[in-house]
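Asker: Let me give you the structure first, and then I'll get to my questions.
The values are calculated or read from the model by the stated rules, or taken from the named source; none is laboratory data. Since this is a predicted model, take the numbers as computed values, not measurements. Cβ placement follows ideal geometry from the backbone for every residue including glycine, while neighbour counts extend to all protein chains displayed. Heads up: the accessible areas ignore ligands, DNA and RNA and are worked out on the full protein's heavy atoms, side chains in. Shrake-Rupley method; radii C 1.70, N 1.55, O 1.52, S 1.80 Å.
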Amino acid sequence: MIEHLAQLARPVLNLPTIRMTRRNHGLEHATITILATRIRSLRMAGRSDAGGYYLLGDVPTEAVELAAREALRRMRAGERQLAIHPNCGTNLVTSALMTSLAAMIGLTGAERRAWFARLPLVMALVIAAGLISQPLGLSLQRHITTDGDPSDLEVLDIKRQEIRSPFSAEPLIVHRVRTRSS
(Lines give C-alpha, C1' and ligand atoms only; values in the text may rest on other atoms or scores of the structure.)
Protein backbone atom coordinates (compact mmCIF):
# COMPACT_ATOMS: atom_id res chain seq x y z
CA MET A 1 0.00 0.00 0.00
CA ILE A 2 2.75 2.50 0.95
CA GLU A 3 4.77 1.49 -2.11
CA HIS A 4 1.75 2.20 -4.32
CA LEU A 5 1.23 5.56 -2.59
CA ALA A 6 4.91 6.39 -3.21
CA GLN A 7 4.48 5.61 -6.92
CA LEU A 8 1.55 8.01 -7.08
CA ALA A 9 3.57 10.64 -5.20
CA ARG A 10 6.71 10.14 -7.35
CA PRO A 11 6.40 13.56 -9.08
CA VAL A 12 6.41 15.29 -5.68
CA LEU A 13 9.07 13.01 -4.16
CA ASN A 14 11.34 13.82 -7.13
CA LEU A 15 11.11 17.59 -6.74
CA PRO A 16 14.75 18.70 -6.26
CA THR A 17 14.43 19.95 -2.66
CA ILE A 18 12.45 16.90 -1.54
CA ARG A 19 14.72 14.45 -3.39
CA MET A 20 17.84 15.99 -1.81
CA THR A 21 16.23 15.97 1.66
CA ARG A 22 15.27 12.28 1.28
CA ARG A 23 18.83 11.37 0.19
CA ASN A 24 20.29 13.30 3.13
CA HIS A 25 17.81 11.65 5.50
CA GLY A 26 18.99 8.24 4.27
CA LEU A 27 22.65 9.20 4.67
CA GLU A 28 21.92 10.61 8.14
CA HIS A 29 20.48 7.24 9.21
CA ALA A 30 23.37 5.36 7.67
CA THR A 31 25.90 7.61 9.43
CA ILE A 32 24.20 7.10 12.80
CA THR A 33 24.04 3.33 12.21
CA ILE A 34 27.78 3.18 11.51
CA LEU A 35 28.61 5.42 14.47
CA ALA A 36 26.54 3.12 16.71
CA THR A 37 28.75 0.18 15.74
CA ARG A 38 31.85 2.13 16.78
CA ILE A 39 30.70 4.10 19.84
CA ARG A 40 29.25 2.17 22.72
CA SER A 41 26.01 3.59 24.13
CA LEU A 42 25.75 6.19 21.37
CA ARG A 43 23.12 8.84 22.09
CA MET A 44 22.42 10.83 18.96
CA ALA A 45 19.63 12.49 17.08
CA GLY A 46 19.55 13.90 13.58
CA ARG A 47 17.61 16.21 11.31
CA SER A 48 17.93 16.44 7.55
CA ASP A 49 17.26 19.12 4.97
CA ALA A 50 18.12 19.72 1.33
CA GLY A 51 21.61 21.00 2.17
CA GLY A 52 22.70 18.16 4.45
CA TYR A 53 21.94 17.08 7.97
CA TYR A 54 22.57 17.88 11.61
CA LEU A 55 23.76 15.31 14.14
CA LEU A 56 23.18 16.14 17.79
CA GLY A 57 25.41 14.24 20.18
CA ASP A 58 28.85 14.35 21.73
CA VAL A 59 31.06 12.47 19.30
CA PRO A 60 34.41 13.42 17.78
CA THR A 61 34.16 15.23 14.46
CA GLU A 62 36.65 12.79 12.93
CA ALA A 63 34.33 9.90 13.84
CA VAL A 64 31.38 11.67 12.18
CA GLU A 65 33.41 12.30 9.03
CA LEU A 66 34.65 8.71 8.80
CA ALA A 67 31.14 7.34 9.40
CA ALA A 68 29.50 9.69 6.86
CA ARG A 69 32.01 8.81 4.15
CA GLU A 70 31.76 5.08 4.89
CA ALA A 71 27.97 5.28 4.91
CA LEU A 72 27.97 6.96 1.50
CA ARG A 73 30.42 4.40 0.10
CA ARG A 74 28.39 1.46 1.43
CA MET A 75 25.08 2.88 0.20
CA ARG A 76 26.58 3.37 -3.27
CA ALA A 77 27.75 -0.26 -3.10
CA GLY A 78 24.15 -1.38 -2.62
CA GLU A 79 23.58 -1.33 1.16
CA ARG A 80 20.44 0.75 0.78
CA GLN A 81 18.88 -0.70 3.95
CA LEU A 82 21.29 1.58 5.90
CA ALA A 83 18.83 4.40 5.08
CA ILE A 84 16.19 2.81 7.34
CA HIS A 85 16.55 3.32 11.11
CA PRO A 86 14.22 1.95 13.81
CA ASN A 87 14.45 5.13 15.92
CA CYS A 88 13.55 7.50 13.10
CA GLY A 89 11.09 10.28 13.78
CA THR A 90 8.93 8.83 10.99
CA ASN A 91 8.38 5.76 13.16
CA LEU A 92 7.65 7.85 16.25
CA VAL A 93 5.14 10.05 14.43
CA THR A 94 3.49 7.01 12.82
CA SER A 95 3.12 5.32 16.22
CA ALA A 96 1.80 8.48 17.87
CA LEU A 97 -0.73 9.08 15.10
CA MET A 98 -1.93 5.48 14.93
CA THR A 99 -2.32 5.07 18.70
CA SER A 100 -4.00 8.47 19.07
CA LEU A 101 -6.48 7.63 16.31
CA ALA A 102 -7.13 4.23 17.91
CA ALA A 103 -7.91 5.88 21.25
CA MET A 104 -10.19 8.41 19.58
CA ILE A 105 -12.02 5.65 17.70
CA GLY A 106 -12.40 3.67 20.92
CA LEU A 107 -13.99 6.65 22.64
CA THR A 108 -16.16 7.81 19.73
CA GLY A 109 -19.76 8.20 20.74
CA ALA A 110 -19.10 7.60 24.43
CA GLU A 111 -20.13 10.17 26.96
CA ARG A 112 -17.40 11.23 29.34
CA ARG A 113 -18.79 9.19 32.24
CA ALA A 114 -18.61 6.05 30.04
CA TRP A 115 -14.92 6.45 29.16
CA PHE A 116 -13.72 4.21 31.98
CA ALA A 117 -16.03 1.40 30.80
CA ARG A 118 -14.43 1.68 27.35
CA LEU A 119 -10.90 1.34 28.73
CA PRO A 120 -10.49 -2.36 27.71
CA LEU A 121 -11.60 -1.54 24.14
CA VAL A 122 -9.33 1.52 23.94
CA MET A 123 -6.36 -0.49 25.28
CA ALA A 124 -6.94 -3.27 22.72
CA LEU A 125 -7.17 -0.75 19.87
CA VAL A 126 -4.05 1.11 21.04
CA ILE A 127 -2.06 -2.15 21.30
CA ALA A 128 -3.18 -3.18 17.81
CA ALA A 129 -2.29 0.26 16.45
CA GLY A 130 1.13 0.07 18.12
CA LEU A 131 1.83 -3.28 16.52
CA ILE A 132 0.69 -2.13 13.07
CA SER A 133 2.55 1.17 13.28
CA GLN A 134 6.00 -0.41 13.55
CA PRO A 135 6.11 -2.01 10.09
CA LEU A 136 4.09 0.90 8.69
CA GLY A 137 6.68 3.42 9.91
CA LEU A 138 9.53 1.39 8.37
CA SER A 139 7.62 1.21 5.09
CA LEU A 140 7.02 4.97 5.14
CA GLN A 141 10.75 5.47 5.61
CA ARG A 142 11.66 3.05 2.83
CA HIS A 143 9.29 4.54 0.25
CA ILE A 144 8.56 8.14 1.30
CA THR A 145 10.84 9.87 3.82
CA THR A 146 14.29 8.48 2.92
CA ASP A 147 16.10 7.44 -0.24
CA GLY A 148 18.55 4.56 0.03
CA ASP A 149 20.07 5.42 -3.36
CA PRO A 150 22.46 8.32 -2.80
CA SER A 151 23.02 8.73 -6.56
CA ASP A 152 25.42 11.67 -6.99
CA LEU A 153 25.22 12.79 -3.35
CA GLU A 154 28.55 13.95 -1.96
CA VAL A 155 29.72 15.13 1.46
CA LEU A 156 31.17 18.63 1.19
CA ASP A 157 32.26 19.31 4.77
CA ILE A 158 31.45 18.74 8.42
CA LYS A 159 31.45 21.49 11.04
CA ARG A 160 31.22 21.05 14.81
CA GLN A 161 29.42 23.57 16.98
CA GLU A 162 28.80 23.78 20.73
CA ILE A 163 25.50 25.32 21.75
CA ARG A 164 25.09 26.57 25.30
CA SER A 165 21.71 26.26 26.95
CA PRO A 166 20.45 27.86 30.16
CA PHE A 167 18.84 24.49 30.97
CA SER A 168 22.05 22.43 30.98
CA ALA A 169 25.57 22.84 32.31
CA GLU A 170 26.92 20.79 29.39
CA PRO A 171 26.93 22.28 25.89
CA LEU A 172 24.97 20.55 23.13
CA ILE A 173 27.36 19.26 20.45
CA VAL A 174 26.00 19.66 16.92
CA HIS A 175 27.66 18.55 13.71
CA ARG A 176 26.48 20.01 10.42
CA VAL A 177 27.17 17.68 7.52
CA ARG A 178 26.85 19.65 4.31
CA THR A 179 26.12 17.75 1.12
CA ARG A 180 25.50 18.38 -2.55
CA SER A 181 23.33 16.48 -4.99
CA SER A 182 21.40 17.10 -8.19
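Asker: Which peptide among 5-14, 20-29 comes first, and what is the full order, when sorted by highest mean count of other Cβ atoms within 10 Å?
Answerer: Packing proxy ranking, top to bottom: 20-29, 5-14.
Asker: Follow-up. Sorted from largest down, give the three principal axis spans of the alpha carbons of the chain, whole angstrom values.
Answerer: Over the chain, Cα extents along the principal axes are 58, 47, 26 Å.
Asker: Using only DSSP helix segments of four residues or longer, with each worth -39500 (n - 2.57), what per-residue ellipticity at 222 nm results for the chain after dividing by its residue count and rounding to 500?
Answerer: -16500 deg cm²/dmol
Asker: How large is log10 of I(q)/I(0) for the range 55-147 at q = 0.13, 0.17, 0.21 Å⁻¹ when the intensity is taken from the Debye formula with one equal scatterer per alpha-carbon?
Answerer: Debye output, listed in q order: -0.62, -0.81, -1.00.
Asker: Along Cα→Cβ, 7 Å out, is where each label goes; now give me the distance between the ones at His4 and Ile39 in nm to one decimal.
Answerer: Placing both labels 7 Å beyond Cα along the Cβ direction yields 4.2 nm.
Asker: Moving on. Spin-label point model (7 Å from Cα, Cβ direction): what's the Glu162 to Arg76 distance in nm?
Answerer: Taking the simple label geometry, Glu162 and Arg76 are separated by 3.5 nm.
Asker: Below 8 Å, C-alpha to C-alpha, sequence gap of six or more: please give me the relative contact order for the chain in percent.
Answerer: Taking the mean separation of contacting Cα pairs over the length of the chain, I get 30 percent.
Asker: Report, in degrees rounded to the nearest 10, the 0 to 90 angle that the Cα long axis of helix 119-140 makes with the longest principal axis of the chain.
Answerer: Between the helix axis and the principal axis of the chain, the angle is about 30 degrees.
Asker: Let me ask you something else. Let me make sure I get this right: for the range 110-182, a, b and c are the square roots of the gyration tensor eigenvalues over alpha carbons, sorted descending. Under 1.5 in a/c it's rounded, otherwise prolate if a/b > b/c, else oblate. Which is it?
Answerer: Details: a/c = 5.04, a/b = 1.68, b/c = 3.00.
Here the range 110-182 falls in the oblate category.
Asker: Among Gln161, Gln134, Gln81, whose mean-square fluctuation peaks in a Gaussian network model of the chain (Cα, cutoff 10 Å)?
Answerer: Result for the chain, Cα springs under 10 Å: Gln161 fluctuates most.
Asker: Quick check: the angle from helix 61-76's long axis to the longest principal axis of the chain, C-alpha only, nearest 10 degrees?
Answerer: 80
Asker: Where does the range 2-106 land on Rg/Rh, using Cα atoms and the Kirkwood Rh?
Answerer: Reported Rg/Rh, Kirkwood definition of Rh: 1.03.
Asker: Where the centroid of each part is defined by its Cα atoms, how far is the range 103-129 from the range 3-59 in Å?
Answerer: 36
Asker: State in Å² the accessible area per residue of the range 1-117; use a 1.4 Å probe, count heavy atoms of protein chains only, and round to the nearest integer.
Answerer: 60
Asker: Calculate the spin-label point distance for Val12 paired with Thr61, positioning each point 7 Å from the Cα along the beta-carbon direction, and give it in nanometres.
Answerer: 3.9
Asker: Cα axis of helix 89-107 to longest principal axis of the chain: angle in degrees, 0 to 90, nearest 10?
Answerer: For helix 89-107, the angle is close to 10 degrees.
Asker: Could you size up the charge dipole of the range 83-174 around its Cα centre, putting +1 on the beta carbon of Lys and Arg and -1 on that of Asp and Glu, and report it in debye to the nearest 20? Please list the in-between numbers first.
Answerer: Working: 7 positive and 8 negative charges, 140 e Å.
Result for the range 83-174 is approximately 680 debye, rounded to the nearest 20.
Asker: Moving on. Hey, if you put +1 on the Cβ of every Lys and Arg and -1 on every Asp and Glu Cβ in the range 1-149, which of Thr146, Leu8, Ala124 ends up farthest toward the positive end of that dipole?
Answerer: The one lying farthest along the dipole's positive direction is Ala124.
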